[in-house]
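S.K.: Below: one structure in structure tokens.
Nothing in this text is a laboratory measurement; each read-out follows from the coordinates by a stated rule. None of these values were measured; they are calculated from a predicted model. Cβ: placed from backbone, ideal geometry, glycine included. Neighbour counts: every protein chain shown.
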Amino acid sequence: MSDLSSLFQPLQAGALQAANRIWMAPLTRTRAGEEHLANALMAEHYAQRASAGLLIAEATMAMPGCSAFWREPGVHSDAQVAGWRLVTDAVHAAGGRIVLQIWHGGRACHPDLNDGRQPVAPSALAITNDTVHTPSGKVPYVTPRALEEAEIPGIVEGFAHAARQAMAAGFDGVEVHGANGYLIDEFLRDGSNQRTDGYGGTREKRARFLFEVLEAVIAVWGSDRVGLRLSPLNSYNDMRDSDPVGLAGWLAGELNRFRLAYLHLMRGDFYNQQKGDVLTPVRAAWQGVLVTNMGYSAEEAAATVASGQADAVAFGVPFLANPDLPARIRAGAPLNAADPATFYSPGPAGYTDYPVWSQ
Ligand SMILES: Cc1cc2nc3c(=O)[nH]c(=O)nc-3n(C[C@H](O)[C@H](O)[C@H](O)COP(=O)(O)O)c2cc1C
């Protein structure tokens, strides 16, 4: 058996103490119901996975009107905070650490999920290569409205509010969702940002919205409890950039001044359209804790951490299907296969019923 011991070293990520380098990637599972409320079922799901070095809870609506997945959770209302409190209490009782991924879905939001409201985005460009799941089935995305410059401070304040709410809910920190073609990422990449004002054009201007969100969230939490997720290569949600590798390396250097708890990098593309090595330039430029993700086996993850290419690896689908993933990796035990049919279905099936390993 290969040497997997690097994955079991503790890691200090800002103020976050991770017992190991096997983190759980954020996974939207749409179990929060129409009111976007975290609940006892979700508490059970996350507590089952508390042996992760850090649990990154799923993308959660920072503000009303930005639902991009039917029945995903929110954190903007006090009832939602009370729902998340069930989750954080259960995870902490099980000895885990948990941060909340806060997001705005941008152009991936749909009027049918948001009381008829047209989605907003940097530019009026629709997602054309996919459909969105709504109460009436899968439907095409709609063309968003380009945000007025004067509206942007209100959205930044929405992220600050979500950060305060996450603190009230008992999380250990927050992860800002800057990945996968949602609002922040839409500003970052030139395929979705064609603005000519202070938030578009050069990469400095395209990153301005992200930097303003980070400043606002750090003002709530302190920098050492704030992480950031990026996916420079991912073409999911119809995303492109003319220079994804250059953007990633440049951003990593600029981000040093925020002294984040960690930077969480998705190294690839769900659809394998945009190729390149973003991990090497980001590692070279970023001076903090680096978490990598996407398609890692335990063996590759251990080698990546042992070589210093990254400090931790976040596992998505493997953690979804294996609540006891660290114990299985340590024992060299087989992994449960994930069932995609239950990724976004309601109820406990395929959510809290994946078995733990027994010899
Ligand atoms: C069902 C499902 C839900 C996901 N939800 C989110 C999410 O809420 N936020 C996010 O940043 N990524 C999300 N992702 C991406 C995963 O975090 C991860 O990047 C992806 O599964 C690749 O990692 P893996 O190869 O270890 O599974 C999701 C992926 C899946 C399969």
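S.K.: Which whole-number percent is the relative contact order of the range 135-275 (Cα, under 8 Å, 6+ apart)?
M.R.: Relative contact order for the range 135-275 comes out at 25 percent.
S.K.: Select from Val87, Ala40, Ser297 the residue farthest towards the positive end of the dipole of the range 5-342; place +1 on Cβ of Lys and Arg, -1 on Cβ of Asp and Glu, and compute about the Cα centre.
M.R.: After comparing all options, I get Ser297.
S.K.: Okay, moving on. Expressed as a whole number of Å, what is the distance separating the alpha-carbon centroids of the range 53-117 and the range 123-146?
M.R.: 21
S.K.: Quick one: Asp353, Asp269, fewest Cβ neighbours within 10 Å first, how do they rank?
M.R.: Listing Asp353, Asp269 from fewest to most nearby Cβ atoms yields Asp353, Asp269.
S.K.: Still on this model: For the chain, what's the relative contact order in percent, using C-alpha pairs closer than 8 Å and at least 6 residues apart?
M.R.: It comes to 18 percent, rounded to a whole number.
S.K.: Report the full-extension gain for the segment Ala306 to Gln9: residue separation times 0.36 nm, less the Cα-Cα distance, to one decimal in nm.
M.R.: 105.9 nm
S.K.: Tell me, which longest segment in the chain has none of the GluC sites (Glu not before Pro) that fall in DSSP loops with at most 14 further Cβ atoms within 10 Å?
M.R.: 149-359
S.K.: Evaluate the distance, in nm, between pseudo-label points positioned 7 Å from the Cα of Tyr344 and of Arg117 along their respective Cα→Cβ axes.
M.R.: 2.0
S.K.: Mind grabbing the base-10 log of I(q)/I(0) for the range 71-158 at q = 0.21 Å⁻¹? Debye formula, identical points on the C-alpha positions, no solvent, two decimal places.
M.R.: -1.06
S.K.: Given a Förster radius of 25 Å and the C-beta distance between Ala333 and Gln17 as r, what FRET efficiency does 1/(1 + (r/R0)^6) yield to the nearest 0.05?
M.R.: 0.45
S.K.: So how strong a dipole does the chain carry about its Cα centre when Lys and Arg Cβ are +1 and Asp and Glu Cβ are -1, to the nearest 20 debye?
M.R.: 400
S.K.: Please rank Phe270, Phe258, fewest neighbouring Cβ atoms within 10 Å first, as an exposure proxy.
M.R.: Phe270, Phe258
S.K.: Using a 10 Å cut-off around each Cβ, can you sort Ile155, Ile127 from fewest to most neighbouring Cβ atoms?
M.R.: In order of increasing Cβ crowding within 10 Å: Ile155, Ile127.
S.K.: Can you compute the equivalent ellipsoid semi-axes for the chain, i.e. the square root of 5 times each eigenvalue of the Cα gyration tensor, sorted largest first and rounded to whole Å?
M.R.: Taking √(5λ) for each eigenvalue gives 29, 24, 19 Å, largest first.
S.K.: Let me ask you something else. Ala82 versus Glu215, label points 7 Å from Cα toward the beta carbon: distance in nm?
M.R.: 3.6
S.K.: Less than 12 Å Cβ to Cβ from Ala108, Lys/Arg counted +1 and Asp/Glu -1: what total charge do the surrounding residues give?
M.R.: Neighbourhood net charge equals -4.
S.K.: I would also like to ask the following. Please report the relative contact order for the range 41-137, taking Cα pairs under 8 Å with a sequence separation of at least 6, and give it as a percent rounded to a whole number.
M.R.: 34
S.K.: In whole Hz, what ³J(HN,Hα) sequence does the range 124-139 give by Karplus (6.51, -1.76, 1.60; θ = phi - 60°), x for Gly and Pro?
M.R.: Rounded to whole hertz, the list is 7, 10, 7, 6, 10, 9, 7, 10, 10, 7, 10, x, 9, x, 7, 10.
S.K.: Do any trypsin sites (Lys or Arg not before Pro) in the range 255-359 lie in a loop, going by DSSP, with at most 11 other beta-carbon atoms within 10 Å of their beta carbon, and if so which?
M.R.: Counting only loop positions with at most 11 other Cβ atoms within 10 Å, the trypsin sites (Lys or Arg not before Pro) in the range 255-359 are Lys275.
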